[in-house]
Amino acid sequence: MGNTVTLDKEQLREVAMDDRELMRELVAAVAEDTARQVELLKIAVEDGNAEQCKRLAHYSKGACSNVGAASATELLKTIERTAALRDFAECGIALARLTREVGLLRAEAAAMEG
């Protein structure tokens, strides 16, 4: 993952047609939705439910990708891939990083206010 940015602002501007308020709303909505999915993913990892992990990660990956949440997208790809391999330890590591990314996305949205 390395140098992946939290938020690709050029992609976000394009999606939101350069509407700053819409940009903020989109990022805030994706951050909140992803936070809800993280809680469900934690349960799926604890239960060793690979199919649920893959399904939840895939759903969130699309939403994050659409708004340019690049780091979260990469982490969700990792969760999807490692769940398919039933590597729940690696899923858990990526999930912890994803929790941090959600916080960064929330901060990005807050920074767009005003």
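No value in this document is a laboratory result; all are computed from the given coordinates. Just so we're clear, the structure is a prediction, and the values are computed from it rather than from any experiment. Cβ sites come from the backbone with ideal geometry, for glycine too, and all protein chains shown count toward neighbours.
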As a test of understanding, state the convex hull volume per residue of the chain from its alpha carbons, in Å³. 78 Å³
Degrees, to the nearest 10: 20-47 long Cα axis against longest axis of the chain: 10 degrees
Going by alpha carbons, how many degrees (0 to 90, nearest 10) lie between the helix axis of 88-111 and the longest principal axis of the chain? 10 degrees
Placing unit charges on C-beta atoms (Lys and Arg positive, Asp and Glu negative, everything else neutral), compute the dipole magnitude of the chain about its Cα centre in debye, rounded to 20. 300 debye
Run lengths n ≥ 4 of DSSP H only: what is the helix-derived mean residue ellipticity at 222 nm for the chain, with -39500 (n - 2.57) per run over all residues, to the nearest 500? -27500 deg cm²/dmol
Rounded to the nearest 10, the angle in degrees between the Cα long axis of helix 50-67 and the longest principal axis of the Cα atoms of the chain comes to 10 degrees
Neighbourhood net charge (10 Å Cβ-Cβ; Lys/Arg +1, Asp/Glu -1) for H58: +3
The farthest towards the positive end of the charge dipole of the chain, of the residues A70, Q37, A94, given +1 on Cβ of Lys and Arg and -1 on Cβ of Asp and Glu, is A94
When Lys and Arg each count +1 and Asp and Glu each count -1, what net charge do the other residues less than 10 Å away from T4, Cβ to Cβ, add up to? -3
Neighbours of M112 by Cβ distance under 13 Å: Lys/Arg at +1, Asp/Glu at -1, summed charge -1
Treating cross-link reach as a plain straight distance, find the lysines whose alpha-carbon is under 25 Å from the alpha-carbon of K54, omitting any fewer than eight places away in the same chain. K42, K77
